[in-house]
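Working notes, structure below.
Bear in mind these aren't lab numbers, they're just calculated from the coordinates by the rules spelled out. Predicted model, so just to flag it, every value in this text is computed and none were measured.
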């Protein structure tokens, strides 16, 4: 009788673990290291920045730390890809839109800006 109860209990635990959804916190589903920021020097005063999401989930509302960004000059075509948020030293990537798989790249002229990931939101199904 003891074995039957133990076996039933184990089956119940396995079933429950399959049925109950696993919680996905932002850090576990898509940690910051899954969003790559690469900056390359292209000419005397121009820099190219690429931001890529390597996570399996979609990220959006990506904000970067961008100290001294107000001194940088971004081309008109790239202004929709990167914009400073109220002179706060933070920048919004792609107007807060999604970042899936491929990189979003923009160029700017001026002194190098030390971009770093600040915050983002995740949509994972």
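What would the Debye equation give as log₁₀ I(q)/I(0) for the range 24-123 at q = 0.11, 0.17, 0.21 Å⁻¹, counting only Cα atoms as equal point scatterers?
At q = 0.11, 0.17, 0.21 Å⁻¹ the computed log10 ratios are -0.30, -0.70, -1.04.
Dividing the convex hull volume of the Cα atoms of the range 28-67 by its residue count, what figure in Å³ per residue is obtained?
Details: hull volume 3.3 nm³, N = 40.
Per-residue hull volume (Cα only) is 83 Å³.
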